[in-house]
1. What's the total number of residues in segment 174-206 that are hydrophobic (A, V, I, L, M, F, W, C) and without any contact (Cβ under 8 Å) to a residue 40 or more places away in the chain?
2. Specify which of the listed residues (GLY109, GLY135) is out of contact with any His (no Cβ under 8 Å at 6 or more places or on another chain), free of Cβ contacts under 8 Å to residues at least 60 places away in the same chain and assigned to a strand (DSSP E or B).
3. With (1) open to solvent by less than 40 Å² (accessible area, probe 1.4 Å); (2) at pLDDT below 95 as the list, and ALA15 as the residue in question, which single condition is left unmet?
4. Assess whether LEU209 counts as being out of contact with any Lys or Arg (no Cβ under 7 Å at 6 or more places or on another chain), free of Cβ contacts under 8 Å to residues at least 60 places away in the same chain and in a strand (DSSP E or B).
5. Given the conditions (1) open to solvent by 20 Å² or more (accessible area, probe 1.4 Å); (2) touching a helix residue (DSSP H, G or I) at 6+ places or on another chain (Cβ under 6 Å); (3) closer than 21 Å to GLY40 by Cβ; (4) not in a loop (DSSP other than H, G, I, E, B), which single one is not true for LEU104?
6. Which residues, counting only those in segment 47-74, are among the small types (Gly, Ala, Ser) and either buried (at least 16 other Cβ atoms within 10 Å of the Cβ) or closer than 14 Å to VAL211 by Cβ (or both)?
7. How many residues does segment 175-188 contain that are open to solvent by 50 Å² or more (accessible area, probe 1.4 Å) and assigned to a strand (DSSP E or B)?
Amino acid sequence: MKRLILAAGLSCAMAAPAAAETELSFYLGWQTLPHSRISGDLPNGGGSYDELVGWEGKPFEMPPYYGARATWWRTDNLGFGVEYTHTKAYAPDDTMDALGFSRLEFTDGHNVATVNVMKRWPELWGKTTPYVGGGLGVAFPHVDAKHDSGSRTYGFQVTGPAARLMAGASYPINDRFSVFGEYQFTYSSNEGEFDEGGTFETDIKTNALNVGISMKF
């Protein structure tokens, strides 16, 4: 996915008129998740379920939370681009015990990819440039679940639509590089399957504080 973003960014740079600017951004951050419900059918005919989950993000445990985006600034203030975020969601022990799971998590990424629209105000506060943005796309988490009935689910699934919103500010280090900080919210509506006939439906929302570095062309 990071190779795809880099290729998209470089393609935009080569196709853009001289006045345009392409920016590649990479970030880490602190990510949390509010409660949401998970429902569906348990594997191996275990019946239906509907449970409130206090998801845990654990952004600094391996694999960590991170993201990357490529933005093609068509004018000084308006840009378009693509973004990938590797978020994570762990079900706590009480939820897993209630449903008969020993593992229930999206931890090789509750991956979100979007096409973005960005707005910025260059050097509005001295050298600092505030910006906002939003995007629409898809979620493709890595579902890692192990149920007491013998079901073992381990793999990527495309589970539904996703969206993101962000607001932040960047500060130049030199003519090419800048650092930035931002708040970012992501939302996804997920429907997927467990092995041996199980299903799940859940909305995953994340709140994140990101810090990163950008390079422009």
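1. As a first pass, look at segment 174-206 and keep what is hydrophobic (A, V, I, L, M, F, W, C): 177, 179-180, 185, 194, 200, 204.
Next, from what is left, pick out any that are without any contact (Cβ under 8 Å) to a residue 40 or more places away in the chain: 177, 179, 185.
Residues flagged as hydrophobic (A, V, I, L, M, F, W, C) and without any contact (Cβ under 8 Å) to a residue 40 or more places away in the chain within segment 174-206 amount to 3.
2. Result of the check over GLY109, GLY135: GLY135.
3. (1)
4. It is false that LEU209 is out of contact with any Lys or Arg (no Cβ under 7 Å at 6 or more places or on another chain), free of Cβ contacts under 8 Å to residues at least 60 places away in the same chain and in a strand (DSSP E or B).
5. (1)
6. Listed by number, the residues that qualify are GLY57, GLY67, ALA68, ALA70.
7. The qualifying residues number 5.
Each row is one residue, and each column tells you yes or no for (1) under 14 Å from the mean Cα position of the chain (by Cα); (2) open to solvent by 20 Å² or more (accessible area, probe 1.4 Å); (3) closer than 29 Å to GLY79 by Cβ.
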| residue | (1), (2), (3) |
| --- | --- |
| LEU99 | no, no, no |
| PRO130 | no, no, yes |
| LYS146 | no, yes, no |
| ALA163 | yes, yes, yes |
| MET166 | yes, no, yes |
| ILE173 | no, yes, yes |
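The values are calculated or read from the model by the stated rules, or taken from the named source; none is laboratory data. The structure displayed is predicted, hence computed values, not measured ones. Because the Cβ atoms are built from the backbone with ideal geometry, glycine has one as well, and the counts that use them run over all protein chains shown. Quick note on the areas: whole protein, heavy atoms, side chains included, nothing else; ligands and nucleic acids left out. Shrake-Rupley method; radii C 1.70, N 1.55, O 1.52, S 1.80 Å.
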